[in-house]
1. Would you mind computing the Rg to Rh ratio of the range 5-252 from its alpha-carbon coordinates, Kirkwood style for Rh?
2. Among 13, 26, 205, which one shows the highest mean-square fluctuation when the chain is modelled as a Gaussian network with alpha-carbon springs under 10 Å?
3. Taking the Cα centre of the chain as the origin and placing charges on Cβ (Lys, Arg +1; Asp, Glu -1), which of 95, 107, 72 is farthest toward the positive end of the dipole?
4. What whole-number distance in Å separates the alpha-carbon centres of the range 104-145 and the range 1-66?
5. Mind sorting 71, 111 by how few other Cβ atoms lie within 10 Å of their own Cβ, fewest first?
6. In Å and whole numbers, how far do the C-alpha atoms of the range 103-224 stretch along each principal axis, longest first?
7. With Kirkwood's inverse mean 1/r over C-alpha pairs for Rh, give me the Rg to Rh ratio of the range 1-67, two decimals please.
8. Using a 10 Å cut-off around each Cβ, can you sort 158, 66, 228, 30 from fewest to most neighbouring Cβ atoms?
Amino acid sequence: MAGPIGLILGSGAGKLGLQIEARSPAKTPYGEPSSPVLRLKIGGRSVLAIARHGESNNIPPHAVNYRANTWVLREHGVSQCIAVNAVGIITVGTFEPGGLAVPDQLIDYTWGREHTFDDGSRGALRHVELTEPFDAVLRGRLAAVAAESAAAEGRGVYGVTQGPRLETAAEIERMARDGCTMVGMTAMPEAALARELGLRYAICAVGVNHAAGRGPGGRDIHAQLDRYVADGMAKALTVLELLIPELQATAEM
Ligand code: HPA
């Protein structure tokens, strides 16, 4: 399992103040990724990252080239990939805005996205297995480090909406009935594409607001984002700083 650790960084990652050591512009058979492949130093180690919404944060969730983003990381030798995704919290009390969760399940409500590499051009069709949408070992290690260093919630069901608009209160109510505990716009098709490519993939979700109609500050979501994104991203960085050296040490064994 050698090779660099890959990161797919979401909105709010600009607040991490990460130093970019190198930028490699890249093309793939599926078009251009959201950003050049960025070499960053985290926890004293070099990692390869994609800025999911572009370096100027201008690519909306439905227009992200998820195929190119995952493909280019694998082309650069990445076998383990941690995604950082901002989410709204549906189940109040599981974790707080400004806090973290490591989901163990997904429900996909998106539509019209390029969601597979199996487009008929690659020979026999493969129905990729996604019962457990995250790599069990990577997810487990991420959850353990995040629980210890940032009191993160160790599981949860991430419902993926189309965006870029936020949800109605009734949509969130329906998602809660479906079993979703958090809501974001980017985990799918990213997780499924990672699985198609054989990339080990797990998500560090950063709670940045209570979802529409939920929690004490439920109405003014933008005020919550302003207040909580920086705190949550700082916690995510602490987790990455601890986890990346650990992952690299075992990858080299
Ligand atoms: N809904 C969908 N996506 C999100 C939210 C939300 O409330 N917060 C951050 N990403």
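1. A ratio of 0.94.
2. 26
3. 72
4. Going from one Cα centre to the other spans 19 Å.
5. 111, 71
6. Answer, in whole Å and largest first: 52, 36, 24 Å.
7. 0.96
8. So the ranking, lowest neighbour count to highest, is 30, 228, 66, 158.
Since every read-out is calculated from the coordinates, none of them should be taken as a lab result. From a predicted model like this one, the values you see are computed outputs, not experimental measurements. Neighbour counts are summed over all protein chains in view; Cβ atoms, including those assigned to glycine, are modelled from backbone coordinates with ideal geometry.
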